[in-house]
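Please read the structure below before turning to the comments.
The values are calculated or read from the model by the stated rules, or taken from the named source; none is laboratory data. On a predicted model such as this, the values are computed, not experimentally measured, just so you know. A quick note on method: Cβ atoms are made from the backbone with ideal geometry, for glycine too, and the neighbour counts reach across all protein chains shown. Surface accessibility is based on the protein's heavy atoms, side chains included, excluding ligands, DNA and RNA. Shrake-Rupley method; radii C 1.70, N 1.55, O 1.52, S 1.80 Å.
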Amino acid sequence: MPKNKWLRYLSCLVALALIVILFPANTHAAAFPDYKIEVNKTTNKLYLYQNGKVIRSYPVATGRSKNLTPEGTFPIVVKIVNPGWKNIPGGRADNPLGVRWNGISVNGDRGRTYGIHGTNNPNSIGKHVSNGCIRMNNKDVIALYNTIYEGTPVWIHSGKSDNHWRGDSRVGLKPATGTATITGQNVNARTGPSTGSFVLTTLKKGTRLSLTGISGDWYQVKLPNGRTGFVYKPYVKISGVKTGPAPTPAPQFHSANGQIAITVNRANIRTSPSLNSAIFTQAGKGSKFTLTADSTEWYRIRLSSGKTAYVHHSVAKVVSTAKPPASKLTVTAYLANIRSAPSLSASVLQRVSKGTILTKTGSAGDFFQIRLKSGQTAYIHKSCVK
């Protein structure tokens, strides 16, 4: 080969090497953006967070009545370009869903009931007019759609916004690395963490894939074609996990009395406080149950059969309360901590000496709930009192 051709050949090799170095094949795994969404129903504002900071805010429309748009933290599970609506095809100017659909999974559904979508009525933005979904201007929903990924957590509330995302941190896609081996026969890999997400491909038993994330009961993996997909945990065995989210803590319940009422047309009554637990039964709107305990997301109830069951906050509300009779506790430890929450890592409000008499108002796991002289609720470990 002539010398000048060798030089051109070597130059091409150097250029190719630089391209490989400068543009890694898996940019998603290399830079995993931490996106979160906040929707304030009172102000009709949507805030997009990246790595804990608000990077965008958008005006939205929410439910025409308070209970139509559910409150809580829910994951994005399916994204659709030009969604269809009833008999109106996607992409038409008269389609009320606009140009994009970001479906959220509420109470374990498939992401087709509630979503963040566009609109054919821009004058409705900023108002309380929807049947429960969150509407955005089409240009805004395109920008959001192009930024977020399936698994992004959406915190919906009607309180105050202060540029701090305070949703349930257990919801959402968390980065993880390791090896995922398919253990089921012909397992679907989907675009998002839900059976309502689209099927990307079917994986054979024994297929080994790189684990890239975890979202609830789903593993995110890198598929053979380089794309990422989600597979259901029961059909996967993982190994060599080096990073990932901390184990999901069990909900911390505190004693409560009164009744709850179902606020949706049909709600699942579950055997444990998890959206993936077995369903005892279903109850219609207005059904009432005896409340025995509460957590940040779940009500613990007593059924007419006497069995204990659980209802998610998003489908019920407290309609009556009854304060349990107060009783007295005596401090038995030389010096005991009174804490702000039922946890040994919670902040200490004050310390009390042996023999101090406290007013007990309830129980929360290994702690008694007490009422301080100021009227403030606090907690003390059961080992410190009798």
- Does PRO89 satisfy the condition of being open to solvent by 40 Å² or more (accessible area, probe 1.4 Å) and on the phi < 0 side of the Ramachandran plot? yes
Only one of GLN252, GLN259 is in contact (Cβ under 8 Å) with a residue 60 or more places away in the chain, open to solvent by 30 Å² or more (accessible area, probe 1.4 Å), of a type in the set (S, T, N, Q) and in contact with a Phe, Trp or Tyr (Cβ under 8 Å, 6 or more places away or on another chain), namely GLN259
Okay, strands (runs of 3 or more DSSP E) sitting entirely in the range 211-315 with 2 or more residues that are closer than 23 Å to PRO342 by Cβ and out of contact with any Pro (no Cβ under 9 Å at 6 or more places or on another chain), I get 254-262, 288-294, 298-302, 308-312
Inside the range 94-109, the number of residues satisfying the requirement of being without any contact (Cβ under 8 Å) to a residue 60 or more places away in the chain and small (Gly, Ala, Ser) is 1
Screening LYS53, LYS66 for residues that are touching a residue at least 12 places away in the same chain (Cβ under 8 Å) and over 22 Å from HIS164 (Cα atoms) leaves only LYS66
* To do: Please work out if LEU349 is open to solvent by 60 Å² or more (accessible area, probe 1.4 Å), touching a Leu at 6+ places or on another chain (Cβ under 9 Å) and at negative phi.
  => yes
Report yes if some residue within the range 366-375 is in contact (Cβ under 8 Å) with a residue 24 or more places away in the chain, among the aromatic types (Phe, Trp, Tyr) and closer than 30 Å to VAL264 by Cα; otherwise report no. no
Within the range 35-56, the count of residues that are surrounded by fewer than 16 Cβ atoms within 10 Å (Cβ to Cβ), within 17 Å of PRO153 (Cβ to Cβ) and among the polar types (S, T, N, Q) comes to 2
Filtering the range 151-165 down to residues that are open to solvent by 40 Å² or more (accessible area, probe 1.4 Å) and either more than 21 Å from GLY63 (Cβ to Cβ) or not in a loop (DSSP other than H, G, I, E, B) (or both) yields ASP162, ASN163, HIS164, TRP165
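I need a count of the residues in the range 113-129 that are closer than 22 Å to PHE74 by Cβ and surrounded by fewer than 16 Cβ atoms within 10 Å (Cβ to Cβ).
Residues flagged as closer than 22 Å to PHE74 by Cβ and surrounded by fewer than 16 Cβ atoms within 10 Å (Cβ to Cβ) within the range 113-129 amount to 0.
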Sole miss for TYR149 among (1) of a type in the set (Phe, Trp, Tyr); (2) under 27 Å from ARG266 (Cα atoms); (3) under 22 Å from the mean Cα position of the chain (by Cα) is condition (2)
The lone condition GLY206 fails out of (1) touching a residue at least 40 places away in the same chain (Cβ under 8 Å); (2) over 23 Å from ASN102 (Cβ atoms) is (1)
- Within the range 344-364, can one find any residue that is without any contact (Cβ under 8 Å) to a residue 12 or more places away in the chain and of a type in the set (D, E, K, R)? no
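One line per residue, one yes/no per condition, for (1) open to solvent by 60 Å² or more (accessible area, probe 1.4 Å); (2) more than 27 Å from THR73 (Cβ to Cβ):
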| position | (1), (2) |
| --- | --- |
| ARG302 | yes, no |
| LYS317 | yes, no |
| THR359 | no, yes |
| GLY365 | no, no |
ALA378 passes all but one of the listed conditions (1) under 29 Å from the mean Cα position of the chain (by Cα); (2) open to solvent by 30 Å² or more (accessible area, probe 1.4 Å); (3) among the aliphatic types (A, V, I, L, M); (4) closer than 15 Å to LEU329 by Cα; the exception is number (2)
Checked pairs for the range 113-132, first within 15 Å of GLY103 (Cβ to Cβ), second of a type in the set (Gly, Ala, Ser), C-beta under 6 Å and 6 or more apart or across chains, list as TYR114/GLY132; GLY115/GLY103; HIS117/GLY98; GLY118/GLY98; SER130/ALA61; SER130/GLY63; GLY132/GLY63
Screening PHE23, PHE74 for residues that are touching a Ser or Thr at 6+ places or on another chain (Cβ under 6 Å) and either of a type outside the set (Lys, Arg) or at pLDDT below 50 (or both) leaves only PHE74
Within the range 188-210, of all residues that are open to solvent by less than 40 Å² (accessible area, probe 1.4 Å) and touching a Lys or Arg at 6+ places or on another chain (Cβ under 8 Å), the one farthest from VAL106 (Cα to Cα) is LEU209
